[in-house]
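A short worksheet on the structure shown next.
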Amino acid sequence: MSHLLLKFTFFAVILTVLFMMIVLSLLETNHTPDGRRLQLEALALNPESELLRKGFFRAHNDLINLEGIGEDFVDSDRIKELRSSDILTMTATDNQSVLASFDLSDETIVNATFSLATTIIVTVLLAVLSLLFSSDAYNIMIRPIEKMQATVQKVRILLT
């Protein structure tokens, strides 16, 4: 009987782990490399290029600070509103004077939402697994013992 319980539990655990791997990979938020670094490096190599500068501003509406390429850009109101963990600051490797800061608050919210969803999914899966294990344990081990006990009670009543 314990072999049957082990088989059912093993099957349920394998299916749950596979399901969790698929769900967790779907909830991963960092799928693509960060283009901010590449564009900042290109801008640092050609700081006089107005085309690169305008393209950088168009591509990054989360830009809050850009220094070192002529006219500096600083959005001090947004910087004051942000936590330090919500600000990503990058410097160009070829030209250390070129610096850009980005607002990560939207990305932080998305990451927190996915982390919460992951936690809820794992909790639900653990609850379902514990219920399945409890049900299997009852059906495979407890119910036969109860049947044997009832049979022994019937035999005892018949003999007395």
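With q set to 0.08, 0.16, 0.19 Å⁻¹, the log10 of I(q)/I(0) for region 19-160, from the Debye formula over equal scatterers at the Cα positions, is -0.46, -0.92, -1.09.
Within the same chain, aspartates and glutamates fewer than 8 places from LYS154 are excluded, and of the rest, those with a Cα less than 19 Å from its Cα are GLU146. With the simple spin-label model, which puts each label point 7 Å out from Cα in the Cβ direction, the LEU129 to ILE14 separation comes to 1.5 nm.
Take the Cβ-Cβ distance between SER84 and GLU50 as r, set R0 to 30 Å, and report the resulting FRET efficiency rounded to the nearest 0.05. Intermediate values should be presented prior to the final figure.
Details: r = 32 Å, r/R0 = 1.06.
Between SER84 and GLU50 the formula returns 0.40.
Selection among SER101, SER135, VAL124 by position relative to the dipole of the chain gives SER135 as farthest towards the positive end (Cβ unit charges, Cα centre).
Read the figures in this text as sums done on the coordinates, not as results from a lab. Every value quoted in this text rests on a predicted model; they were computed, and no experiment measured them. Backbone-built Cβ (ideal geometry, glycine too); neighbour counts: all protein chains shown.
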